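Please read the structure below before turning to the comments.
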Amino acid sequence: MVRTIVALDLPTGEAALALAAEVRDHVAGFKIGLGLLFGPGPRLIGELAELGRPVFADAKLHDIPSQVEAAARSLGGHGARWVTAHAAGGSDMLRGAVTGLREGNPEGGILAVTVLTSLDEVMLSSVGIDAEPSRLAAAMARVAAGAGCEGIVSSPLEVAIVAEAAPGLVRVIPGIRIESADDDQARTAAPAEAIAAGADYLVVGRPITAAPEPAVAAAAIEEAANTETDAQNS
């Protein structure tokens, strides 16, 4: 079963909590990013967890191993089920993240971020990375698996190659769009495409949070995702 995690990219903690309460029966978890982690702060993790769904702290940790370990431990202590760390930080940093999170929350797992969905090959080249996003994501997935991460975060366009490179990792896929959108994500896909490629979780933000009726939108996305999964398994 493919499940939906709603990205609560909202301006305040109060707005995030209200929307989370509205959609919780139709999602598998809640994601909060840097805007909320640096706004109301990590305490919001625990408040969201009280709604009965796991919380994905999209902190995108990237620092020396000891600092990342400390940050992951703190986020786990606040109740984060998943925490993201950049795979580009290397295996020692990722191991530190894994250790720290498990000390903060024994049930927690690190999700290694491969290549941001806002980047494409041209932008990677502009900062000196001369590699196709898919090849780079596959290499990073192998590093993440070796470091003990629970899963990876990748663009929907790289799901299949990441699944082949590190089949044991949970695949959490952002950049999901119900229809074309003019925003800051360069590599996106529809739910059916991501599912067909091997996604385990779909991270969906604006198609739910900006909908006139977020609960209705979340229910429709969940139903469509699982209908697609059933069709592929039949």
List pairs: first in the stretch 70-82 and of a type in the set (F, W, Y), second crowded, with 22+ Cβ neighbours inside 10 Å and in a loop (DSSP other than H, G, I, E, B), Cβ under 8 Å, 6+ apart or cross-chain?
W82/G108
Only one of L44, L19 is of a type outside the set (S, T, Y) and farther than 26 Å from A192 by Cβ. Can you tell me which?
L44
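Between R3, R53, which is among the basic types (K, R) and at pLDDT 95 or above?
Working: R3 fails: at pLDDT 95 or above.
Testing whether each residue is among the basic types (K, R) and at pLDDT 95 or above leaves just R53.
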How many residues are of a type in the set (D, E) and either under 16 Å from K31 (Cβ atoms) or under 16 Å from the mean Cα position of the chain (by Cα) (or both) if we restrict to the stretch 49-82?
1
Across (1) surrounded by fewer than 21 Cβ atoms within 10 Å (Cβ to Cβ); (2) touching a residue at least 12 places away in the same chain (Cβ under 8 Å), I129 clears everything bar (2)
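Anything in the stretch 94-128 that is under 22 Å from V55 (Cβ atoms), in a helix (DSSP H, G or I) and not small (G, A, S)? List them, or say none. Show your work before the answer.
Looking only at the stretch 94-128, we keep the residues that are under 22 Å from V55 (Cβ atoms), and these are 94, 96-114, 116-117.
If we keep only those that are in a helix (DSSP H, G or I) as well, we get 94, 96-104.
Listed by number, the residues that qualify are L94, V98, T99, L101, R102, E103.
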In the stretch 27-70, which residues are under 18 Å from L10 (Cβ atoms) and among the small types (G, A, S)?
G29, G33, G35, G39, G41, G46, A49, A57, A59
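The values are calculated or read from the model by the stated rules, or taken from the named source; none is laboratory data. These numbers were taken from a predicted model, which means no experiment stands behind them. Counting neighbours? That spans all protein chains shown, and the Cβs are built from the backbone with ideal geometry, glycine included.
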